[in-house]
Every structure is written in C-alpha cells, then in structure tokens.
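S.K.: Quick one: structure below, then a few questions.
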Amino acid sequence: PRAFCPADLNNDGQVDNSDFVLFVNDYITFLCNEPAMPQGCPSDFNFDGLVENADFLIFVNAYNELLCP
C-alpha cells in the first residue's frame, strides 16, 4: 500500500471494492502472524498486530473518499 493512502491495498490510486475484498480477507484472518495473512499485514492500519474493527473504521473513512490524495 502507498504510504499516503494505506487503504489502497491494490495500489491502483483508489480505495474501492477491489480493496474491500482484500481488506475482508485480512479481517477474516485477523492475526498478523497467521501464515494466511499477506506479508506485512497491509490491513493493520493502526499497527497493533490485528486486523479488527479499529482498522475497519480507518478503511471505511478512506473508502468513502474513494480517491487517494
């Protein structure tokens, strides 16, 4: 993900449904140290080792904006 737009999980310049699918997969996996989690735990936006509701709130705000700054 881009440093200025971390919720753009597929690096296409937008936070859209494609990113939502990636986020949901990480959310289901939950723990950053699980083997199924993508390297670097890209959906852990608050860096607490989990992909949970706090990260979802960050994602939703970016999703509502659609375009990366």
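The values are calculated or read from the model by the stated rules, or taken from the named source; none is laboratory data. Note that this is a predicted model, so its numbers are computed, not measured. Please note: Cβ atoms are built from the backbone with ideal geometry, for glycine as well, and neighbour counts cover all protein chains shown. All accessible areas refer to the heavy atoms of the entire protein, side chains included, with ligands and DNA or RNA removed. Shrake-Rupley method; radii C 1.70, N 1.55, O 1.52, S 1.80 Å.
S.K.: With +1 on the Cβ of every Lys and Arg and -1 on the Cβ of every Asp and Glu, and nothing else charged, how large is the dipole of the chain about its Cα centre, in debye rounded to the nearest 20?
M.R.: 80 debye
S.K.: Let me ask something else. Which of the following values of Rg and Dmax of the Cα atoms in Å was calculated from the structure shown: (i) 17.0, 50; (ii) 10.8, 32; (iii) 12.1, 37?
M.R.: After the calculation, the listed value that fits is (ii).
S.K.: First select every other residue whose beta carbon is under 9 angstrom from the beta carbon of A62; then total the charges, Lys and Arg +1, Asp and Glu -1.
M.R.: Surrounding charge for A62 is -3.
S.K.: In the Gaussian network model of the chain, springs joining C-alpha atoms below 10 Å, which of F59, F47, F30 carries the largest mean-square fluctuation?
M.R.: The residue that fluctuates most here is F47.
S.K.: Pick from G49, G13, G40 the residue whose mean-square fluctuation is largest in a GNM of the chain, springs joining Cα atoms under 10 Å.
M.R.: Result: G40 has the largest fluctuation of those listed.
S.K.: Share of the chain's accessible area from carbon and sulfur, percent, 1.4 Å?
M.R.: 60 percent
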